[in-house]
Amino acid sequence: MRISYETEFRLKVLLIVLIFGIIIFRIIYYPILTHKTVPYGVAAPKGQILLLDNITLGNYTWENAVDMQNHLILKGSEDYGNSVLLEIQTPGWCADVAFWDGQKFIVSEKCVRKLAISKYFFMVTSAFYWYVEPGYHLIFYKPGENPEKYELVNFTVTYGEKTDWGAFKVAYGKS
């Protein structure tokens, strides 16, 4: 059985279109479809205004401080080790790491500017957002002096090879 000239031409054109379609798919669409959608970084705070508060846990009190328990959110889907390195960039500020379960109270780090936090300090959701576990507190404060209104506090977070920045402005609540 012999194929007509028109049918042979249509098959050649179809084959060429199919080859170009596969090439275009590989070059353009495949990288988009296989791209990692959740890179590592600081999701929050990224410049938000956070209210200063007087915080009391057990018999320990911080004045004009920010508890990052409800504010610090990281994102990431890869495992780069067992610790996250947090470094405060703004001069005069430091952080305490505390654990409070309602009965016992432990402060594991006091007024440090650079601290390594276990990745188990965070609860990782199915969407790869990392929230501070209940009971753990990361408290930022400025010892010995009152922070200025709308003072900017910068910090970096490093997990493995990945580093990202976070920042927040502090404000006093209404009296």
Point to revise | Model label zone, residue 49; criterion: amide N under 14 Å from point 7 Å along Cα-to-beta-carbon; scope segment 161-175 | key: 168-175
Practice item. Read through the labelled values [x] 1.10; [y] 0.96; [z] 1.35 and report the label of the one computed as Rg/Rh (Cα atoms, Kirkwood Rh) from the structure. Key: [z]
Exercise for review: Would you list, by chain and number, the aspartates and glutamates whose Cα falls below 17 Å from the Cα of residue 119, excluding same-chain residues fewer than 8 positions away?
Suggested key: 78, 79, 87, 96, 109, 133, 161, 164
**Study point:** trypsin sites (Lys or Arg not before Pro) restricted to segment 1-31 and DSSP loop, no more than 11 other C-beta within 10 Å
**Key:** 2
Exercise for review: For the chain, report the accessible area per residue in Å² (1.4 Å probe, heavy atoms, rounded to an integer).
Suggested key: 65
Practice item. Note down the relative contact order for segment 41-172 as a percent, whole number, built from C-alpha pairs under 8 angstrom at least six residues apart. Key: 36
Exercise for review: List the trypsin sites (Lys or Arg not before Pro) within segment 103-143 that fall in a DSSP loop (any state other than H, G, I, E or B) and whose Cβ has at most 10 other Cβ atoms within 10 Å.
Suggested key: 104
Exercise for review: May I ask for the longest run of the chain untouched by chymotrypsin sites (Phe, Trp or Tyr not before Pro) that are loop-located per DSSP and have at most 14 neighbouring C-beta atoms (other than their own) within 10 Å?
Suggested key: 1-79
Revision key, fill the gap. The answer for GluC sites (Glu not before Pro) in segment 81-175 that fall in a DSSP coil and have at most 13 neighbouring Cβ atoms within 10 Å is 145, 148, 161
Check your understanding: Cα centroid distance between segment 27-84 and segment 119-147, in Å?
Key -> 8
Check your understanding: So, with a 1.4 angstrom probe, what is the percent of accessible area on the chain that is carbon and sulfur?
Key -> 57
Review point. What's the angle, to the nearest 10 degrees (0 to 90), between helix 5-24's Cα axis and the longest principal axis of the chain?
Key: 10
Review point. How far apart, in nm, are the 7 Å Cα→Cβ label points at residue 111 and residue 12?
Key: 8.5
Point to revise | Long pairs among 114/162; 104/142; 104/174; 149/174; 46/104; 110/142, criterion Cα-Cα beyond 21 Å | key: 104/142; 104/174; 46/104
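The values are calculated or read from the model by the stated rules, or taken from the named source; none is laboratory data. Just so you know, these numbers come straight off a predicted model, no measurement behind them. When we count neighbours, we look across all protein chains shown, and the Cβ atoms used for this are built from the backbone with ideal geometry, even at glycine. Please note that ligands, DNA and RNA were not included when accessible areas were found on the heavy atoms of the full protein model with its side chains. Shrake-Rupley method; radii C 1.70, N 1.55, O 1.52, S 1.80 Å.
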